[in-house]
Amino acid sequence: MNIQQISWDKENGWDTKTGLQSSSDLVFVFADTDYFYQEECYQELTSFYPKADIIGCSSSGNIRNTKISDNNLTVLALQFDKSWIKSVGIVHDSSSNIADEIQLALKDFPREHLRHCFIVCDGLDINATDLAESLSLHVNEISITGGLAGDADRFAKTGIMFNGPTKKNQVVIIGFYGAVHITSGFSTGWTEFGAERRVTRSIKNTVYELDHEPALDIYERYLGEQAKELPSSGLRFPLSMRRTENENPIIRTLLGINREQNSLTFAGDMPEASFARLMKTNIDSLLESTQENISALKNQHQKNQGLCLVVSCVGRRLVLDQISEEEMELLADELGSEFKISGFYSYGEFASHNLQSCQLHNQTSTITLISEDE
């Protein structure tokens with residue numbers, strides 16, 4: 001497997017146009033720039049990589065090895081020797097059921113030799129919880145990772161590129177096949193605090209009442225002065241959510257607020273009667289969680305070279321702030337110089353655990369190690 005990384009920014013354009021890996025099979029594009037939404041961007045990429053499936057998403061920051069960047073676009077090009085990919089795209093119609101759209105898109109999706117699925121999805125206008133559940137029904141006993149497109153802490157627009165100019169409301173599913181070895185996992189590092197509350201009124205991912213009180217009122221009381229900076233400050237204070245008393249909690253991050261309705265909108269569903277509790281973290285907890293995760297994954301992977309594909313939540317980045325790159329340095333130190341690191345900061349992460357059902361996670365760092373078998 002050959003790997004190439006290039007970047008674009010408004011001041012300098014492309015950092016290279018020579019020696020491009022023109023016979024690449026798959027190209028990822030991670031973008032925090034309006035150039036990503038221009039048709040010229042896609043046309044340039046197809047001229048660089050004419051044989052590749054070109055798949056990209058807007059981001060809340062881009063990862064290239066140990067460097068994190070904004071206001072630019074990074075490209076990851078992969079050329080396979082012994083394996084191959086199959087990609088399908090969906091343009092979601094808000095009047096349609098995402099589960100039905102997934103079923104139709106995957107109807108002819110090959111299962112033989114399938115090793116892993118990676119997903120990118122619009123970050124604001126698609127119910128990603130339903131998407132994850134639908135994928136689990138149709139892709140059984142296959143690991144799944146991926147993420148939601150981001151938009152820094154602006155929450156204004158997100159977009160997906162799939163073999164054409166960037167659009168809203170898209171989902172892309174990439175299947176990896178053949179002699180490819182893939183190991184994946186995720187880390188959290190967040191802890192619960194305060195009282196556990198019951199979701200007493202909600203619709204999908206919008207919560208109106210917690211313990212029969214307006215949800216926004218409760219949230220603002222906990223945040224104090226930081227409530228003035230909502231919704232962006234909410235990225236530092238997600239909720240843990242469990243559907244039943246016996247279920248393990250998953251994390252839900254805040255995407256928006258509605259002051260007229262006193263409601264909170266999260267990146268994933270918050271069902272009525274589920275249990276919710278505020279969460280917080282610190283720098284040490286996040287870094288320790290990442291270190292434990294990458295050490296375990298490297299031991300499982302047992303390959304000495306390849307790609308480390310990272311999808312990390314924008315909330316983690318806000319907490320780590322100036323030392324965000326230390327998290328990437330932990331990955332590089334553990335994996336060694338023969339692994340390339342690439343990825344983006346997201347509004348939510350997809351991950352499956354031990355080949356069980358895929359779930360939408362928030363405030364996690366999801367890692368996918370990809371190597372071709374010798």
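The values are calculated or read from the model by the stated rules, or taken from the named source; none is laboratory data. Keep in mind that this is a model prediction, so the values were computed, not measured. Ideal geometry is used to build each Cβ from the backbone, glycine not excepted, and the neighbour counts take in all protein chains shown.
Some observations on this one:
- Residue under evaluation I90, criteria (1) surrounded by 15 or more Cβ atoms within 10 Å (Cβ to Cβ); (2) over 24 Å from F344 (Cβ atoms); (3) among the aliphatic types (A, V, I, L, M), criterion not met: (2)
- The residue that is farthest from G348 (Cα to Cα), among those in the range 236-271 that are charged (D, E, K, R) and surrounded by 15 or more Cβ atoms within 10 Å (Cβ to Cβ), is R243.
- From the options L216, L286, L307, L255, residue that is within 20 Å of the chain's Cα centre (by Cα), in a helix (DSSP H, G or I) and not β-branched (V, I, T): L286
- Taken over the range 145-179, the residue count meeting the criterion of being more than 19 Å from F350 (Cα to Cα) and of a type in the set (A, V, I, L, M) is 2.
- If you go through the range 26-44 and keep only what is surrounded by fewer than 20 Cβ atoms within 10 Å (Cβ to Cβ) and either part of a loop (DSSP other than H, G, I, E, B) or of a type in the set (A, V, I, L, M) (or both), you end up with T33, Q38.
- Cross-chain or 6+ apart pairs with Cβ under 7 Å, the range 298-318 first and over 21 Å from F80 (Cα atoms), then modelled with pLDDT under 95 and among the basic types (K, R): G315/R236; L318/R236
- Scanning the range 319-348 for residues being surrounded by 24 or more Cβ atoms within 10 Å (Cβ to Cβ), among the aromatic types (F, W, Y) and either free of Cβ contacts under 8 Å to residues at least 40 places away in the same chain or in a strand (DSSP E or B) (or both) gives a total of 2.
- Residue identified as touching a strand residue (DSSP E or B) at 6+ places or on another chain (Cβ under 6 Å) and not small (G, A, S) among D34, D53, D70: D53
- Subset tally (residues that are assigned to a loop (DSSP other than H, G, I, E, B) and modelled with pLDDT under 95) for the range 131-156: 8
- Residue list for the range 349-362, restricted to those being buried (at least 19 other Cβ atoms within 10 Å of the Cβ) and either free of Cβ contacts under 8 Å to residues at least 12 places away in the same chain or not in a loop (DSSP other than H, G, I, E, B) (or both): E349, F350, A351, S352, C358, Q359, L360, H361
- Count of the range 65-101 residues which are within 16 Å of L20 (Cβ to Cβ) and within 20 Å of the chain's Cα centre (by Cα): 6
- The range 55-75 residues that are in contact (Cβ under 8 Å) with a residue 24 or more places away in the chain, paired with ones that are part of a loop (DSSP other than H, G, I, E, B) and among the polar types (S, T, N, Q) (beta carbon under 7 Å, 6 or more apart): S58/T158; N71/T33; N72/T33; L73/T33
- Which listed residue, of R111, R115, is outside any strand (DSSP E or B), over 18 Å from the mean Cα position of the chain (by Cα) and either closer than 22 Å to F176 by Cβ or among the polar types (S, T, N, Q) (or both): R111
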